[in-house]
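To start, the structure under review is shown below, and the notes come after it.
Taken together, the values in this text are just the output of simple stated rules run on the coordinates, not laboratory data. This one's a predicted model, so the numbers in the text were calculated from it and none came from an experiment. Glycine also receives a Cβ, built like all others from the backbone with ideal geometry; neighbour counts cover every protein chain displayed.
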Amino acid sequence: LVMEGRDTAGKGGAIGANLIVVAGTANNQCQLPGAAEALKNLGVTVTEAAAAGDPIQVCELGRADLKVNANGAAIAVGDMVASDGTTGRGQVATLANAKSVVARALQASSADGDIIAVFVSIYNLPAS
């Protein structure tokens with residue numbers, strides 16, 4: 001799926017590759033996540049958009065590479081992965097830190113900024 005890469009939250013306009021994105025404010029738009037969009041995940045970017053309005057490819061289902069925010073818990077193979085909040089990087093999903101799971105880890109990581117293989121399959125977690 002090719003979507004228009006537009007960052008409407010004022011985070012610079014560009015969206016990098018290998019990041020989790022959420023629905024934008026108009027049809028065929030996506031943006032980096034924010035707290036208000038916790039349940040609006042679209043998938044993981046495959047390409048990057050250098051500026052607002054540039055086209056971007058987003059993996060909505062299937063295998064993709066995802067940049068990791070490993071400042072919290074290390075990610076193990078098979079872990080559920082969610083957005084870390086506003087950067088679009090992946091972190092281990094728990095009922096305490098995530099409302100929606102974006103992917104399942106196919107590789108392990110403990111280093112911030114690693115890029116790991118994931119299987120994108122978006123679903124919402126039950127309210128805790």
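Laid out as a table, the results:
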{"quantity": "Search result, residues across the range 103-116 that are in a strand (DSSP E or B) and farther than 18 Å from ASN41 by Cβ", "calculated": "SER109, ILE115"}
{"quantity": "Whichever residue in the range 74-98 is part of a loop (DSSP other than H, G, I, E, B) and buried (at least 19 other Cβ atoms within 10 Å of the Cβ) and, among such residues, is farthest from the chain's Cα centre (by Cα)", "calculated": "ASP79"}
{"quantity": "Residue count for the range 103-116, restricted to those that are surrounded by 19 or more Cβ atoms within 10 Å (Cβ to Cβ) and either farther than 17 Å from GLY16 by Cα or of a type in the set (Phe, Trp, Tyr) (or both)", "calculated": "3"}
{"quantity": "Per-region count, the range 80-128, residues closer than 22 Å to GLY24 by Cα and among the small types (Gly, Ala, Ser)", "calculated": "9"}
{"quantity": "Residue within the range 48-67 that is surrounded by 16 or more Cβ atoms within 10 Å (Cβ to Cβ), among the basic types (Lys, Arg), outside any loop (DSSP other than H, G, I, E, B) and touching a Gly at 6+ places or on another chain (Cβ under 7 Å) present", "calculated": "yes"}
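Residue by residue, here is whether (1) touching a Cys at 6+ places or on another chain (Cβ under 9 Å); (2) not aliphatic (A, V, I, L, M) holds:
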site: ILE15; (1), (2): yes, no
site: GLY53; (1), (2): no, yes
site: ILE56; (1), (2): yes, no
site: LEU61; (1), (2): no, no
site: ASN71; (1), (2): no, yes
site: ILE75; (1), (2): no, no
